[in-house]
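The values are calculated or read from the model by the stated rules, or taken from the named source; none is laboratory data. A quick note: this is a predicted structure, and the numbers were derived from the prediction, not measured. No Cβ is skipped: glycine too gets one built from the backbone with ideal geometry, and neighbour counts run over all protein chains shown.
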Amino acid sequence: MNRPVTQKRTGAIVATGAAVLSTLALVGIPTLLEATEEPVYQVVHRYGKFEVRLYPGYTVAEIVVPGPAGDAGNQAFPILAGYIFGKNKGARKFAMTAPVTQEAAPVKFPMTAPVTQVEAPGGFRVQFVLPKGVSVADAPEPLDARVQLRGVPPSRVAVIRFSGFWSEANYEEHLATLRDALKAASLTPSGEPVYSRYNPPFTPWFMRRNEIWLRVGEGQ
């Protein structure tokens, strides 16, 4: 679980407010409140304000939307959630009888967390993580050509966790804290920051789990 960009904002899956909730409800799509699975990871080191995690590879369904940052989630959620909950070419299963007649049926996946967003050429890339064990090779083909499937290679990331609603000030404050803490720990980040969120839009601010990920090198 997007934009030409004139400002450098990595962040915001702002899937907030009634717009997203009503869209998902109308098409019968569960929200992240029902998301129970997330990619497995190993914490390789804990620092005062952040931790370094090692993620094995996993598979995502993703879409790039034009934004702006505050609208990226609203644009991407219904499309990606549609794929997760059946707008795809179903995998064929054959019964051990004869004769066998079969039609491909849409495959539905359980909702997973987090939903991630990162700045990309042309906008922002929003990703839904597919359940464990689903690969690009065996995931059903999206019916919407805008949805792409991609395998994310193993990665080592520095992660800072925080609560609160999305705001640029909140995001920039914690990104700066993470960068300063990495510098103090003599760790060098690379690539664009990734904003990850784990909760549905109506979750109270103090219960929200937000994270910013920055990739760090193997020996760090």
Mind checking whether some residue in region 120-135 is among the hydroxyl-bearing types (Ser, Thr, Tyr) and surrounded by 13 or more Cβ atoms within 10 Å (Cβ to Cβ)?
no
Test of understanding: among Arg179, Arg150, which residue is farther than 20 Å from Asn74 by Cβ, at pLDDT 90 or above and not in a strand (DSSP E or B)?
Arg179
Looking at (1) surrounded by fewer than 17 Cβ atoms within 10 Å (Cβ to Cβ); (2) closer than 19 Å to Met111 by Cβ, can you tell me which one Pro204 breaks?
(2)
Within region 182-220, restricting attention to residues that are in a strand (DSSP E or B) and of a type in the set (Lys, Arg), which residue is farthest from Arg125 (Cα to Cα)?
Arg215
Suppose we filter Ala113, Ala169, Ala145 for residues that are closer than 18 Å to Ile212 by Cα and surrounded by fewer than 20 Cβ atoms within 10 Å (Cβ to Cβ); which single one remains?
Ala169
State which residue is surrounded by the most Cβ atoms within 10 Å (Cβ to Cβ) when the search covers only region 39-85 and only residues that are of a type in the set (Ser, Thr, Tyr) and assigned to a loop (DSSP other than H, G, I, E, B).
Tyr41
